[in-house]
Amino acid sequence: MGSWKNPILLISGIGISFLGNWIYLIALNISILNLTGSAAAVAGLYIIRPIAILITNTWSGSVIDRVNKRRLMIFIDIIRGLLVFIIPFIGTLWLIYFILLLVNMVGAFFGPSSSVYITKLIPTENRKRFNSIMSMTNSGAFLIGPAIAGILIMYFGTELCIVINAITFIICAFFIYLLPNVDENVNSVRGPIRWQTLMNDWKAVREFTMNAKFFILIYLIFQAAMLIGFALDSQEVTFIKQILLLSDRDYGLIVSITGIGAITGAFISAILAKKVPLKIYIGAGMFLTSIGYVFFYSSYNFITATAAFIFLGFFMTFANTGYATFFQNNVPVDIMGRFGSIADMLQGIIQIGFTLILGFFAEWFSLQLVCLSFSIVGTLFALVLLISVLIPTKAHYFIEDGKAVST
C-alpha cells in the first residue's frame, strides 16, 4: 500500500478540484443568467475554453516540457484559485469573461502537465488501475458536485459555490506540494520561447508522429469516434426534450443515473486492471461506448434512454482509461507536453467542426435521424479501432509491465 501513497495524494487533490469545478460550473451558469438575463450570455461561457486553448496550446507544450511539472501544477492551481475567487465581486459581464479567459488559459497548462507528471510518477504496470481510479473520482464529482451546488445555491447563493471552487484549487495545490519532484534535472526556462524554439518543438512532434505510425493510427481512430460522441452530446438535451418529450426533471434524473453507471464502470475497470488486457479496454471500451450512443438515439421513452445512458457511461470509463494508459505508455515523456498541447488544440478545432456540422444537419433533417446516423459512423470508427488493436503483430504497443515502444 505504501507504493500507492503518492498516487492517492494526487488523486485526492485532483478529485477535490474536480468536485469544485462541478459546483462552480452550475453556479457560474446561474450567476451569469441572473446578471444578464440572457441565454446567449450563458452560451458565451462555452466558447471561452476553446478560445483559450487556441491562444495557448501552440506554445504551452514548449514551456511544459522545459520546466518542473510539480511546481508548474502548483503555480497553475494557485493562480486559478485567486482568479476564480474574485469573480463573485465583479458585476460586469465582459470583465467576468476576461477573468474566465485567463483562468482557462492558465488551466490549459494543467492537463498536459499532469499527464507528464502521472507518467513519471506511476509505474507502467500500475497506470491502468490509477487511470481507472481517476476516472471513478471524476465520475463521482460529476454525480455529487451538481447536487451540492443545488443545495448551496438554495440556501447561500451562487457566490459561495464560486468561492468554494477557488478554495478547492488551493487545496489541490497543497496536495501536489506534498508529492515528490519527478523533474529534478529539469531547469526553469531561462529565456523566452522564441519562434525558432516553437518551430523546433513542432518538428520534434512531427518526427515522433512520422516514426510512430501505428500509435498515431490508433490515436486518430479513437479520437474520431470519441469526438463524434462529444458532438452528439451537444444534442442530448434537445433530443430528450423535443423528441422524447421528457421534462427538465427527467433530464436531470437521467444524467444522475448515468453518473452512477460511470462510477460503477470505473470501479469495475479498476478491479479488472490486472486481469483484462489494455487493448480490450481501449478497443472494446470504445466500441461499446459508441454502441451506447446508437442505443440512446434509438430510444423512445425515459426507460430506454436511461438504460442506454447507463450502458454508455459504464463502458466510456473503460475507453477513457484505456486511452489514457495507451497515451502514457507510448508518447515519449520528453515531448509529451508538446504533443498533448498540440493534440488538445486540434481536438478542440475538430470538435467544434463536428458539433457545427451536426447542428447544421439537425436543422435540415430529423434530429433523431441525424444523431443516429452520426452515432453509427462513430460506431464504424470504433469497430475499425477494435480490429486494429487486436492485430497480433502490434501487441508490443499494449505491453503494461514495461515501457511500450512506438516504432
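Looking only at segment 203-231, which residues are at pLDDT below 90 and either of a type in the set (S, T, Y) or farther than 29 Å from L278 by Cβ (or both)? Correct list: K203, T209.
Inspect all residues belonging to segment 6-21 and state whether any of them is of a type outside the set (S, T, N, Q), touching a residue at least 12 places away in the same chain (Cβ under 8 Å) and over 26 Å from K128 (Cβ atoms). Yes: one or more hits.
Regarding E400, is this residue touching a Lys or Arg at 6+ places or on another chain (Cβ under 8 Å) and acidic (D, E)? When the stated conditions are applied, E400 passes them. Considering the conditions (1) surrounded by fewer than 19 Cβ atoms within 10 Å (Cβ to Cβ); (2) modelled with pLDDT of 90 or more; (3) more than 30 Å from L35 (Cα to Cα), L95 is excluded by exactly one of them, (3). Of all the listed residues (F318, F311, F326), the sole one being over 15 Å from the mean Cα position of the chain (by Cα), closer than 30 Å to L246 by Cβ, modelled with pLDDT of 90 or more and of a type in the set (F, W, Y) is F311. Among residues of segment 242-275 being among the polar types (S, T, N, Q) and modelled with pLDDT of 75 or more, the one that is nearest to A324 (Cα to Cα) is S269. In the set (1) at pLDDT 80 or above; (2) outside any helix (DSSP H, G or I), G402 fails one condition alone, (1). Residue-level check: of (1) surrounded by 18 or more Cβ atoms within 10 Å (Cβ to Cβ); (2) assigned to a helix (DSSP H, G or I), S299 misses just (2).
Go through the residues of segment 350-371 one by one and say whether even a single one is touching a residue at least 24 places away in the same chain (Cβ under 8 Å), surrounded by fewer than 22 Cβ atoms within 10 Å (Cβ to Cβ) and closer than 18 Å to I122 by Cβ. No, the conditions are met nowhere in segment 350-371. Against the test of being farther than 27 Å from I240 by Cα, assigned to a loop (DSSP other than H, G, I, E, B), aliphatic (A, V, I, L, M) and touching a residue at least 24 places away in the same chain (Cβ under 8 Å), the options V333, V384 yield a single qualifying residue, V333. Pull up segment 246-266, narrow it to residues that are under 19 Å from S299 (Cα atoms) and of a type in the set (S, T, N, Q), then point me to the one that is surrounded by the most Cβ atoms within 10 Å (Cβ to Cβ). Filtering segment 246-266 for residues that are under 19 Å from S299 (Cα atoms) and of a type in the set (S, T, N, Q), the one surrounded by the most Cβ atoms within 10 Å (Cβ to Cβ) comes out as T258. Can you find even one residue in segment 368-379 that is in a helix (DSSP H, G or I), outside the structural domain of R49 (by TED's automatic domain parsing), modelled with pLDDT of 90 or more and over 23 Å from L220 (Cα atoms)? Yes, there is a match, as at least one residue in segment 368-379 is in a helix (DSSP H, G or I), outside the structural domain of R49 (by TED's automatic domain parsing), modelled with pLDDT of 90 or more and over 23 Å from L220 (Cα atoms).
For segment 247-284, how many residues are outside any helix (DSSP H, G or I) and either outside the structural domain of E400 (by TED's automatic domain parsing) or not charged (D, E, K, R) (or both)? Number satisfying all stated conditions: 5.
The values are calculated or read from the model by the stated rules, or taken from the named source; none is laboratory data. As the structure is a computational prediction, the values presented were derived from the model and not from experiment. Cβ sites come from the backbone with ideal geometry, for glycine too, and all protein chains shown count toward neighbours.
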